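A.B. asks: The structure under discussion is supplied below as structure tokens; questions concerning it will follow.
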Amino acid sequence: LGMGGSARPSCWESPVRSIFSGFGHSSGNSPSRFSLCNSIYTPSRAVDFFLDPFDRLLTGQGALFRKGEPLWLVGHSLGGYLAARYAMRINRRQQSATSSREDTTTSPNLEKLILASPVGFQPLSPEDRIPSSSLPTALRLVDALWNANFTPQSIVRIMGSSRGRQAAKRALRGRIPHLNSQCSDLLAEYLYHITVAPASGEYAMNSLLEPAATGEGAGVYAREPLGGGVMTGHF
């Protein structure tokens, strides 16, 4: 949801985090009154925002896959985190059905889970986190924007058409430098358009992820890390 040609619920229906005091504090803290959307989702509800319609797509009426048909699920970055959470959901559903002797074929037959540079596996120890008062000004600004749910897509929208397109090209070439100019330009144009489209799923990033700085550098961590939970399934 919220990227490419997928559905884009309105801002009022989309998940959002309100501001949390401090850099990278946990989701248990009390939020302030300010947020860019009306709803305030917990990490689990933000996950459900994405996975519930995805589950209906795979298991509901007119499902994409026939019952029992093998499914390979691929996820990248935040999509990798969500794909892993979906795999864990399937595993719990199958275990529950087995224990109650119910039909397990109603769940997707997830044969393989492929995660490409996923976020959210490693938890961040509180002892490793650099306190907000010790952060440089630039990271404090990042923290303030993140906690106000000011997304990277918002920045591109503000930049306008010309500078926004150039920013998309720079970002793409930095991540995939081996593409030829024609492919790079086409993909950058696609990236630009899905970035400046009406906001929706991007507001979930603040619900699912939190920025934090350690002695080794700054990064983004899941508010509810996966840990080894995804490895307990049979896929």
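A.B. asks: Between L64 and A197, what FRET efficiency comes out of the Förster formula 1/(1 + (r/R0)^6) with R0 = 30 Å and r the beta carbon distance, rounded to 0.05?
C.D. replies: So, using R0 = 30 Å, E works out to roughly 0.80.
A.B. asks: Now a separate question. When the Karplus curve 6.51 cos²θ - 1.76 cosθ + 1.60 is applied with θ = phi - 60°, which whole-Hz ³J(HN,Hα) does each residue of the range 174-179 get, with x for Gly and Pro?
C.D. replies: So the Karplus estimates, Gly and Pro as x, are x, 8, 10, x, 7, 5 Hz.
A.B. asks: OK, next. Output the Cα-based Rg and Dmax of the range 138-235 in Å, rounding Rg to one decimal and Dmax to a whole number.
C.D. replies: 16.5, 48
A.B. asks: Suppose each label sits 7 Å from its Cα in the direction of the beta carbon; what would the L187-L51 distance come out to in nanometres?
C.D. replies: Result for the modelled spin labels: 2.9 nm.
A.B. asks: If you take the beta carbon distance between A171 and S133 as r and set R0 to 22 Å, what does 1/(1 + (r/R0)^6) give as a FRET efficiency, to the nearest 0.05?
C.D. replies: 0.10
A.B. asks: For A97 and S77, what does the FRET efficiency come to when R0 = 41 Å and r is the distance between their Cβ atoms, rounded to the nearest 0.05?
C.D. replies: It comes to 0.85.
A.B. asks: Here's something else I'd like to know. Convert each backbone phi in the range 155-163 into a coupling constant with the Karplus relation 6.51 cos²θ - 1.76 cosθ + 1.60 (shift: θ = phi - 60°), then list the ³J(HN,Hα) values in order as whole Hz, x for Gly and Pro.
C.D. replies: These are the phi-based 3J(HN,Hα) values: 5, 5, 4, 5, 5, x, 4, 5, 5 Hz.
A.B. asks: Provide the per-residue ³J(HN,Hα) series for the range 72-88, in order, calculated from phi with Karplus coefficients 6.51, -1.76, 1.60 and θ = phi - 60°, each as a whole number of Hz, with x at glycine and proline positions.
C.D. replies: Listing the rounded values in order: 9, 10, 10, x, 10, 6, 5, x, x, 4, 5, 4, 5, 5, 5, 4, 5 Hz.
Every number in this text was worked out from the coordinates using simple rules, so none of it is lab data. It should be emphasised that the depicted structure is a prediction, and the values quoted were computed from it without experimental measurement. When we count neighbours, we look across all protein chains shown, and the Cβ atoms used for this are built from the backbone with ideal geometry, even at glycine.
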